[in-house]
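Single-structure report; data block below.
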Amino acid sequence: MKLRHVLSGLSTLAVLAAASAAGAAPVPVCTPATMSPHAAVIPANLPGFAYTALAATASDVQLYRGTSTTDLQVTVGPAVDGLLKVVPKTPLIVGSTYRLEFSPFCQYGQTKPQGPVTFTVAPDAPLPTKLAGALATPSISLHDYGTTAFTITTSAVLDPGMKPWQGIYQLVLVIDGKLLDTRSIIASDDTVKVTADGWCDAALAGTKNHGVQLRGRLPFAPTLDTLGAPMIFDCPAPAFGSSSGSPPVPPPPGSSSGSTGTATPGGTSSATTGGCAMAPSSARTALLPLIGLALGAAFVARRRRARR
């Protein structure tokens with residue numbers, strides 16, 4: 001086989017390898033920024049909207065009243081507990097509908113960007129100082145997957161002071177200080193049914209005696225907890241490696257009438273400013289052996305021509 005054919009073949013192979021490596025490269029991880037709360041009705045004295053894009057400025061947020069296209073302007077900052085505070089510069093008008101638009105800093109990826117927050121303003125309501133009465137006796141079911149998962153179900157009657165803030169406070173079940181992935185449904189009599197999922201870890205396996213609480217969270221406002229409800233059950237230690245415990249509940253709070261927390265996917269990274277964190281491409285690594293072969297062949301060809 002002639003040398004030029006070998007070189008030509010190597011060049012073609014290198015191009016194909018580059019295309020294949022680029023196609024197989026990890027898809028960039030992109031986490032859109034979010035704004036909360038996103039309830040339909042919000043009291044006029046909301047402490048502030050919570051924006052996960054910590055590096056955002058006022059130019060990244062626009063507030064409109066009704067169908068108007070006039071930006072009412074907002075104050076952005078400071079950041080508190082990993083959330084950027086957003087407050088209208090002028091008082092909200094009771095009975096009016098507003099639209100809060102913001103930059104997600106990310107337009108692609110597995111997570112679809114959140115749309116504008118549209119809400120109607122309700123009269124001022126005192127921030128609640130009590131979340132709910134005592135929790136009903138919790139029930140638990142265990143599921144053995146090598147590492148044991150558990151589901152806890154309980155209920156409580158919300159305090160009357162929570163009425164104007166339903167759907168705005170995030171409700172999270174807590175066991176031995178660990179936040180659980182929580183779903184809640186509020187009935188017409190203000191009874192909230194709570195279902196929460198978690199994983200057994202070494203700490204939970206260390207004792208049979210556990211304490212469960214319901215927690216209410218609203219950015220830039222005091223956290224509310226119910227009294228603890230005792231539970232006695234065995235939570236087996238993980239059989240494979242170590243467990244990180246119960247899935248964390250990421251901010252910001254969502255509606256208390258739906259899912260209020262999800263487990264953070266393992267092995268992904270996201271920018272704390274709500275932008276995109278991109279995974280590196282492996283194309284260069286895949287090309288290195290082929291480039292070396294091509295350079296070696298070229299060197300041999302040059303030596304042969306020099307001897308003629």
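For the pairs Lys112/Lys208; Lys85/Lys208; Lys89/Lys163; Lys89/Lys112; Lys163/Lys208, note any where the Cα-Cα span goes beyond 32 Å. From the list (Lys112/Lys208; Lys85/Lys208; Lys89/Lys163; Lys89/Lys112; Lys163/Lys208), the Cα-Cα distance tops 32 Å for Lys112/Lys208; Lys85/Lys208; Lys163/Lys208. Evaluating kT/(6 pi eta Rh) at 10 °C and 1.306 mPa s, with the Kirkwood radius of segment 33-125 over Cα pairs in the Stokes-Einstein relation, gives 118 µm² s⁻¹.
Backbone N atoms of segment 55-75 closer than 19 Å to the 7 Å Cα→Cβ label point of Lys89 belong to residues 56-66, 68-75.
Based on a Kirkwood Rh over C-alpha pairs, give the Stokes-Einstein translational diffusion coefficient of segment 139-232 at 4 °C and viscosity 1.567 mPa s in µm²/s. Let's see the in-between values first.
Working: Rh = 14.1 Å.
The calculation lands on 92 µm²/s.
Between Leu72 and Ala55, the modelled labels are 3.0 nm apart [label points 7 Å from Cα along Cα→Cβ].
In summary, the aspartates and glutamates within cross-link reach of Lys193, defined as a Cα separation below 17 angstrom excluding same-chain residues under 8 places away, comprise Asp159, Asp181, Asp225.
None of the figures in this text is laboratory data; all of them are computed from the coordinates on show. In this text the structure is predicted, and so the values were computed from the model without any measurement. Every residue, glycine among them, receives a Cβ derived from its backbone with ideal geometry; neighbour counts consider all protein chains shown.
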